[in-house]
Amino acid sequence: MSSHHIVREKQEPALLVLGLDNFDDEQLGQLLEWSPTLITTPPVAERLNAFGIKIDWIITGELNSDYLQSDIKHLAPGDDTLISAALNWLTGQGYPAVNIVTDELDLENYLPFANKINLVLFYNRQKIYAVNTGFNKWKPANESISLLSAATNLKTDGLEKTANNTFHTIADGFFTLKFDAPLLLFIAETL
């Protein structure tokens, strides 16, 4: 990074790391490139520490002074799940976006936050995010797009259906998704 580039706090998405089993080091390095606020759990913290990665927050119900970095702050989940605790904290702090690396995916955990913060989930070699009706994005030809939520009156442009809820882009250019319900539709791109 050249000296004239200044990254303002919260300008880059925060990074919530819940699991690293199916995520490669190069992709992790790309997400860490601009030094985001990093939140994780104790088991993942040990792995991140082994890579020499600075952790800002640990979500845990148990205060433990044995964490491997002395300046880590503690985020207690209370009655929330670990995911809800982290996302409630991020939205409360005014973060506009978060990248989430996880080994387990239950979209119901993320749905209450999808209209409060820009969520991008990395799971099982997929990049998953929520979109509104009228969403469009440029993609090269033959890229795969999967719908992870059911949509009412789905209309697509620039896509061809290849299987149930799976499409590929017809040509280089924009594809569009229009639907009546739900308000937000989770889609996945293959990494």
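The values are calculated or read from the model by the stated rules, or taken from the named source; none is laboratory data. Computed from a predicted model, the values in this text were never measured in an experiment. With ideal geometry, Cβ positions are generated from the backbone for all residues, glycine too; neighbour counts draw on all protein chains shown.
Filtered by the rule that a residue be assigned to a loop (DSSP other than H, G, I, E, B) and either among the hydroxyl-bearing types (Ser, Thr, Tyr) or crowded, with 17+ Cβ neighbours inside 10 Å (or both), the stretch 106-142 gives 110, 114, 117, 133. The set of residues in the stretch 47-76 being in a loop (DSSP other than H, G, I, E, B), modelled with pLDDT of 80 or more and under 18 Å from residue 32 (Cα atoms) consists of 51, 52, 53, 54, 55, 56, 72. Among the residues of the stretch 77-97, is any in contact with a helix residue (DSSP H, G or I) (Cβ under 6 Å, 6 or more places away or on another chain), outside the structural domain of residue 185 (by TED's automatic domain parsing), part of a loop (DSSP other than H, G, I, E, B) and under 19 Å from residue 56 (Cα atoms)? Yes, the stretch 77-97 has at least one match. Looking across 103, 157, 71, 79, one residue alone is charged (D, E, K, R) and touching a residue at least 40 places away in the same chain (Cβ under 8 Å). It is 103.
When 31, 15, 20 are checked against the criterion of being assigned to a helix (DSSP H, G or I), among the hydrophobic types (A, V, I, L, M, F, W, C) and modelled with pLDDT of 90 or more, a single residue qualifies: 31. Any idea which of 186, 174 is in a strand (DSSP E or B), surrounded by 15 or more Cβ atoms within 10 Å (Cβ to Cβ) and not β-branched (Val, Ile, Thr)? Every option except 186 fails the conditions.
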